[in-house]
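Since every read-out is calculated from the coordinates, none of them should be taken as a lab result. Quick caveat: nothing in here was measured; it's all calculated off a predicted structure. Every residue, glycine as well, gets a Cβ built from its backbone with ideal geometry; the counts of neighbours run over all protein chains shown.
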Amino acid sequence: MTTAMRRFCLGSSLLALCIVACDRTDPLEPAIRAAAVAGSGSTLNAPSGTAALAVSESRIDVGWQDNSTNETGFELHRSTSGPAGTFTLRASTGAGVTSFSDAGLTHSTQFCYKARAFRITGRKTSYSPFSPTACATTPAPPPPTAPTSTDAAPAGSTGVFLWWADNSTNEDGFRIERSIDNGATWATAGTAGPDQVYGTDAELVSEQPVCYRVIAFNGGGDSPPSNTDCTTPPAGPTNLTATIIDVETMEVELTWADNSAVEDGYMIWADPCCGPDDPPSLPPNSTSFRFFWDFYADGFYIVATKDGGSSDASNRVTPTIP
């Protein structure tokens, strides 16, 4: 034992207690200070200088200052309910990586961010305090390009089917507008989803002209309207009858009541399948038609046609052999 250290022991056969005392001539303080300095490197300093920049309607770039030298990486947390809202883990980066591009975001929305360093030692993960919070709002997208080639056709006697060309890539949907005063005033008739290029309008008045246009829309506003296209759902024929004129040749005559003043013509359909001449198109104001029945179908009906569409169908008839 050195002269700088004295050991005092109290003991028995079961227990020994030793006390080591230090002389002032050889203190232990330098060794204690050295251990404290070595342990100070485990502290993780909080990042600082958090910045968030909206670079498009769907992306925000986030950056922060690295103030530690021993991190395993960084966690970036995000809130969609403001700086005082609930933050959840958005991404993790490696050591020294102090930026992240947050993509796939909703336009016209605020997003807030804060970062913290983390260190993994064995099974233990330690964290620094969070950095200050930074927020950015994604801008609204530019309005979409206007649709074109809008086409309207009757879908029955009280409905219309519409088609159009989608010329935009950023629409949230389409608004179908209707006018019953030749375009003087417009009302919303319905909507369609993004990339959809067709729609319908129902509960119209038969024989009344109606016009349509289509507008694409998104969070940035409306496109200009498409071209205007008009049509008139025709009234359907009624009182269809089928009479066999000649039993030997099986010539059949169909007759019906013409109830429309706007039809482009009439078309006869067979049930099942098609119709005579697959099927014949008759001029407007027609009220009868003769054909030779070859039993390819057992029933017939007729519709008024208009602008590529048709009216409600007439009653169905089956010729009866006398």
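Given an 8 Å cut-off on Cα distances and at least 6 residues of separation, report the relative contact order of segment 148-231 as a percent.
That works out to 35 percent.
Under the Karplus relation 6.51 cos²θ - 1.76 cosθ + 1.60, θ = phi - 60°, what is the ordered set of whole-Hz ³J(HN,Hα) values for segment 281-290, x standing for Gly and Pro?
Once rounded to whole Hz, the list reads 9, 10, x, x, 6, 5, 9, 7, 7, 10.
Compute the signed sum of charges (Lys and Arg +1, Asp and Glu -1) over the other residues within less than 14 Å, Cβ to Cβ, of Asn182. Don't skip to the answer; put the middle values down first.
Details: positive: Arg178, Arg213; negative: Glu177, Asp181, Asp229.
In short, -1.
Once R0 is set to 22 Å, what does the formula 1/(1 + (r/R0)^6) return for the Cβ-Cβ distance between Ala84 and Ser108, expressed as a FRET efficiency to the nearest 0.05?
Computed FRET efficiency for Ala84 and Ser108 comes out at 0.60.
Can you list residues whose amide H is under 5 Å from Gly265's amide H, if they're 5+ apart or on another chain and H is modeled 1.01 Å from N?
Amide H to amide H, under 5 Å and 5 or more residues apart or across chains, Gly265 pairs with Thr305.
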